[in-house]
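Shown next, in structure tokens, is the structure this report addresses.
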2 protein chains.
Amino acid sequence: MEDEHNYSASNYRTPDGAPTDIVIFTITSRERESGKKSLPIRELQLLLIQRKVWPFIGKWALPGGFTRESETVQECAERELLEETGVSDVHIEYFNVYSMPGRDPRGWMISHAFLALVKEDVLLDRRASVDAADVRLLRVSEALSLELAFDHGIIIGDALHKIREKMLTTTIAKEFLPEEFTIGELYQVIQTVIPEFEEKNFIRKVTSTQIRKGIIEEVREETGELKSSNKYSQRAAQLYRFTDYEPQLSIYS
Amino acid sequence: MEDEHNYSASNYRTPDGAPTDIVIFTITSRERESGKKSLPIRELQLLLIQRKVWPFIGKWALPGGFTRESETVQECAERELLEETGVSDVHIEYFNVYSMPGRDPRGWMISHAFLALVKEDVLLDRRASVDAADVRLLRVSEALSLELAFDHGIIIGDALHKIREKMLTTTIAKEFLPEEFTIGELYQVIQTVIPEFEEKNFIRKVTSTQIRKGIIEEVREETGELKSSNKYSQRAAQLYRFTDYEPQLSIYS
DNA sequence: TTAATAGTGTCTTTCAGACACTATTAT
DNA sequence: ATAATAGTGTCTGAAAGACACTATTAA
């Protein structure tokens with residue numbers, strides 16, 4: 001350090017590390033065994049790792065790792081996501097810092113928490129990391145009922161709050177949907193994240209009102225005809241895709 | 001460190017500090033010299049400190065300082081705000097982390113940036129800190145045209161983006177207003193932060209529409225009569241206050 | 001035929017947007 | 001009287017909210 005410049009911060013205690021923790025959400029879908037075509041059962045799940053080293057050995061924890069001097073915390077989170085789950089090129093977003101003294105028995109650790117939103121199929125070939133005894137997808141309710149390592153229960157709670165807010169105010173629903181989707185699928189994804197969500201005339205609001213219809217658009221065949229899918233229903237449903245328009249909300253207008 | 005637990009992070013390079021940087025916004029108001037009563041000229045300003053130690057000596061910088069092991073980054077920001085400006089009990093909110101390698105010549109510093117919103121009068125008795133040559137309020141446009149220390153230009157740009165977003169989606173306008181205010185003042189505060197903001201029938205939207213009128217309420221005298229003020233106009237204007245209701249916005253409803 | 005989902009018709013009430021208009025009162 | 005701000009009247013068209021109704025088609 002540059003002592004010739006009269007810099008004194010190095011005389012003080014410095015952090016023992018800058019870890020990242022990644023809350024990886026996915027929505028699983030499972031067919032109902034009704035025989036007929038129907039909408040799947042969807043569940044919001046998150047990926048946890050069972051620790052096999054001290055501290056909190058045996059406890060479930062968020063994936064993550066220590067930031068290196070040569071990278072940003074965002075790069076660290078992306079690297080750890082890749083190393084621990086084999087996933088890259090997904091939505092991964094910083095959301096909060098956790099710095100409560102004593103939160104990590106290993107020392108003074110200020111942790112940076114990220115939110116990753118991953119489609120189910122991307123996680124199918126996931127693999128355990130070298131320092132994790134096990135990797136598993138758990139329902140959010142399950143995960144929160146476990147005794148988690150560190151302050152990860154708090155982090156997950158905050159992440160859940162954040163994803164619920166963003167589901168209604170941004171177009172992150174697209175992170176859980178295929179490129180082309182039906183209005184029924186979109187509605188289900190929103191409800192999976194926010195169970196109390198209910199909009200009576202959802203299809204109209206999202207397709208027919210001036211201010212909102214800009215966020216999604218109808219998909220057409222090469223021939224120009226409207227493209228539809230009967231994956232979930234007898235009657236085929238119109239397919240939509242998200243545009244790149246992000247609506248600006250305001251409480252004053 | 002607990003080497004007996006086989007913990008190896010201490011073998012790695014650790015950060016040289018966890019500083020906080022605080023972007024302190026205020027709205028100044030200045031009377032127009034028209035003789036008659038009129039709305040003041042309001043300006044969005046921020047508080048900067050001129051550095052008197054290496055690095056970036058002489059350059060303008062955000063107030064802030066190093067987090068201690070015994071405190072959270074939020075507590076550090078609040079402490080530094082108090083030490084450097086004499087201000088406490090104001091809105092101060094974490095908004096982002098800055099970790100680009102090389103951002104600080106003193107070493108590996110991961111900085112936590114806060115947004116503070118302060119009423120003008122609270123800053124009147126501000127005082128220079130022990131390690132700052134000068135403290136000054138600058139217009140945002142001025143501040144951004146200066147050569148700032150570290151990556152503080154980027155941090156201020158991000159803070160400005162954040163405050164503009166929050167001005168429209170939350171009730172932070174109250175941080176710049178007295179407890180009781182007129183619709184004209186509220187409108188001015190919003191316009192000071194977002195110059196392009198314009199709502200033709202603002203007074204009606206904010207007072208008469210079902211979904212929005214919950215965010216402010218009329219102030220009454222002890223006698224029960226509506227309370228008004230003629231501070232800015234010949235004709236007295238109704239006074240309002242914010243309720244504690246925070247509206248939930250949604251792009252889907 | 002039925003189950004399951006997709007989508008429409010229609011009515012009422014509320015809101016948005018425009019803009020001319022009236023109200024108040026210190027100077 | 002005037003300047004400066006506060007606030008209302010009124011019209012149009014769009015959207016919200018409710019809810020019954022029709023449409024499609026594999027099984």
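The values are calculated or read from the model by the stated rules, or taken from the named source; none is laboratory data. Computed from a predicted model, the values in this text were never measured in an experiment. Here Cβ is always computed from backbone atoms with ideal geometry, including for glycine, and neighbour counts include all displayed protein chains.
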Leading residue by the ranking (nearest to the chain's Cα centre (by Cα)) among those in segment B:166-181 that are under 16 Å from residue A:169 (Cα atoms) and of a type in the set (A, V, I, L, M, F, W, C): B:167
Count - residues of segment B:194-228 that are within 13 Å of DNA strand D (Cβ to nearest atom), away from chain A (no Cβ under 14 Å) and under 27 Å from the mean Cα position of the chain (by Cα): 2
Pairs where the first residue, in segment A:230-253, is away from every other protein chain (no Cβ under 14 Å) and the second is aliphatic (A, V, I, L, M) and in a loop (DSSP other than H, G, I, E, B), C-beta under 6 Å, 6+ apart: A:230/A:236; A:232/A:39; A:239/A:219; A:241/A:219
Every residue from segment B:215-229 that is of a type in the set (Val, Ile, Thr), in a loop (DSSP other than H, G, I, E, B) and touching a residue at least 24 places away in the same chain (Cβ under 8 Å): B:219
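Output the residues belonging to segment B:183-193 that are within 15 Å of DNA strand C (Cβ to nearest atom) and within 13 Å of chain A (Cβ to nearest Cβ). Spell out how you get there, then give the answer.
Applying the first criterion (within 15 Å of DNA strand C (Cβ to nearest atom)) to segment B:183-193 yields B:183-184, B:187, B:190.
B:183, B:187, B:190 - these are the residues of segment B:183-193 that are within 15 Å of DNA strand C (Cβ to nearest atom) and within 13 Å of chain A (Cβ to nearest Cβ).
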Residue B:49 over 16 Å from residue B:16 (Cβ atoms), of a type outside the set (Lys, Arg) and touching a residue at least 12 places away in the same chain (Cβ under 8 Å): yes
Residue ID - modelled with the lowest pLDDT, chosen from residues in segment A:122-150 that are within 14 Å of chain B (Cβ to nearest Cβ) and surrounded by fewer than 18 Cβ atoms within 10 Å (Cβ to Cβ): A:130
Strands (runs of 3 or more DSSP E) wholly inside segment B:39-152 that include at least 1 residues being farther than 20 Å from residue B:175 by Cα, aromatic (Phe, Trp, Tyr) and under 19 Å from the mean Cα position of the chain (by Cα): B:91-98
Filtered residues of segment B:210-253 (kept if among the acidic types (Asp, Glu) and closer than 30 Å to residue A:187 by Cα): B:246
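Among the residues of segment B:88-101, is any among the small types (Gly, Ala, Ser) and under 24 Å from residue B:17 (Cβ atoms)?
Applying the first criterion (among the small types (Gly, Ala, Ser)) to segment B:88-101 yields B:88, B:99.
Then drop every residue that is not under 24 Å from residue B:17 (Cβ atoms), which leaves B:88, B:99.
Yes: segment B:88-101 contains one or more residues that are among the small types (Gly, Ala, Ser) and under 24 Å from residue B:17 (Cβ atoms).
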Positions within segment B:167-182 being surrounded by 17 or more Cβ atoms within 10 Å (Cβ to Cβ), more than 18 Å from residue B:202 (Cα to Cα) and either within 14 Å of chain A (Cβ to nearest Cβ) or of a type in the set (Asp, Glu) (or both), in sequence order: B:175
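Out of all the residues in segment A:3-22, which are more than 7 Å from chain B (Cβ to nearest Cβ) and at pLDDT below 80?
Initially, segment A:3-22 is screened for residues more than 7 Å from chain B (Cβ to nearest Cβ), giving A:3-4, A:8, A:11, A:19-22.
The answer is A:3, A:4, A:8, A:11.
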Leading residue by the ranking (farthest from DNA strand D (Cβ to nearest atom)) among those in segment B:232-252 that are under 20 Å from residue A:165 (Cβ atoms) and out of contact with any Ser or Thr (no Cβ under 7 Å at 6 or more places or on another chain): B:244
Filter result (over 18 Å from residue B:250 (Cβ atoms) and at pLDDT below 90) within segment B:201-225: B:208, B:213
When residues of segment A:194-218 are limited to those that are among the hydrophobic types (A, V, I, L, M, F, W, C) and closer than 28 Å to residue A:45 by Cβ, the one farthest from DNA strand C (Cβ to nearest atom): A:194
Every residue from segment A:157-214 that is in a loop (DSSP other than H, G, I, E, B) and more than 23 Å from residue A:90 (Cβ to Cβ): A:195, A:196, A:197, A:198, A:199, A:200, A:201, A:209, A:210, A:211, A:212
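What number of residues within segment B:10-38 are more than 16 Å from DNA strand D (Cβ to nearest atom), assigned to a loop (DSSP other than H, G, I, E, B) and either out of contact with any strand residue (DSSP E or B) (no Cβ under 8 Å at 6 or more places or on another chain) or among the hydrophobic types (A, V, I, L, M, F, W, C) (or both)? Please lay out each step first, then the result.
Going residue by residue through segment B:10-38, those that are more than 16 Å from DNA strand D (Cβ to nearest atom) are B:10-28.
Imposing the further condition that a residue be assigned to a loop (DSSP other than H, G, I, E, B) reduces the set to B:12-16, B:18.
After this cut, where a residue has to be either out of contact with any strand residue (DSSP E or B) (no Cβ under 8 Å at 6 or more places or on another chain) or among the hydrophobic types (A, V, I, L, M, F, W, C) (or both) as well, the list is B:13, B:18.
Residues meeting the conditions: 2.
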